[in-house]
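Notes follow the structure.
The values are calculated or read from the model by the stated rules, or taken from the named source; none is laboratory data. These numbers were taken from a predicted model, which means no experiment stands behind them. As a convention, Cβ positions derive from the backbone with ideal geometry for all residues, glycine included, and neighbour counts pool all protein chains shown.
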Amino acid sequence: MQTVLARPNAASPQATMRPTTSLASPWPCATDASAQQIEAAKPHPRVTYRVARAEASGIDSGSMDVITVAQGLHWFDRPAFYAEARRVLRPTGVLAVWTYGIPRLNDVNLDRVMQAFYWETVGPYWPPERRYVEDGYRSIDFPFDELTGPSLSMRETWTLPQFIGYLRSWLPPGLEDMNPAAKAFIFVIEAVSQFARLISLSVRLFANILAGHLLLLFMGGGLAVLLGVAALGALTFPLAFFFFLLEVGLIATLQAFIFSTLTAIYLGGATAESH
């Protein structure tokens, strides 16, 4: 999305619905490089829409009081856009930019799954510019005097289809035409994998502990009892004693270390801000 609203200049169409009346210029102008975005914008009698790149808006020089950019600055050719903003703005004009940030769900368990999906599953595939969204534009280059704005939050109640529609926007280009059933199948697999990982690692640790104790049981006399050969105990018992010492001296320590490490990973994943 490369949308800009000029008062009158560029922002996304949803940012143009409340034009102010206190500006010297009477008609806000919203521009976007995408004709489809402009066609999808909700018409407003006091907003003029046009198809234009943010870096070449075609707006008269020195004609705008405010330029706003909603969720788009990180995609711009910023040096070119900043030069265009300086050309279009009046001497006391303001360039206001913002980004939505990473959404959070009010259900802790669902939010944990979604955060893991965002940061771990699709995170490695985000373009580099996405990092500016993740830090709220704090690290983006902005060669103007910055004004301290109020702390804002946006809350929305979505139905499940609306939420799925939002997650679809995370799909990389080329997947929009994928069969809906295939998309749903992939999403379910990714969601289940977040829980299955915890279960699979726990089962693996339990299996290792159980295998070691079964070995001690059989070597300590269980095998001789099952086969009905008492003399076999004379051979297996020393082996059982050796494995017992190995269990206490080494294996138990390794299992405790692994268990502690996994516990720390699980707790860290559950409490980390990014998960």
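Data table
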read-out: Residue 90, sole failed condition from (1) farther than 23 Å from residue 133 by Cβ; (2) crowded, with 20+ Cβ neighbours inside 10 Å; (3) in contact with a Gly (Cβ under 8 Å, 6 or more places away or on another chain); value: (2)
read-out: Residue among 69, 113, 122 that alone is over 30 Å from residue 148 (Cα atoms) and at pLDDT 85 or above; value: 113
read-out: When residues of region 57-86 are limited to those that are closer than 22 Å to residue 139 by Cα and hydroxyl-bearing (Ser, Thr, Tyr), the one surrounded by the most Cβ atoms within 10 Å (Cβ to Cβ); value: 68
read-out: Region 151-172 - residue that is exposed (fewer than 10 other Cβ atoms within 10 Å of the Cβ) and closer than 27 Å to residue 138 by Cβ and, of those, farthest from the chain's Cα centre (by Cα); value: 151
read-out: Answer residue from region 108-150, given it is assigned to a helix (DSSP H, G or I) and aliphatic (A, V, I, L, M) and is surrounded by the fewest Cβ atoms within 10 Å (Cβ to Cβ) among those; value: 108
read-out: Every residue from region 49-77 that is assigned to a strand (DSSP E or B) and not charged (D, E, K, R); value: 49, 51, 56, 64, 66, 67, 68, 69, 70
read-out: Residue check for residue 105: aliphatic (A, V, I, L, M), under 28 Å from residue 84 (Cβ atoms) and either outside the structural domain of residue 84 (by TED's automatic domain parsing) or assigned to a loop (DSSP other than H, G, I, E, B) (or both); value: no
read-out: Where residue 173 falls short, out of the listed (1) assigned by TED's automatic domain parsing to the domain that holds residue 262; (2) at pLDDT below 70; value: (1)
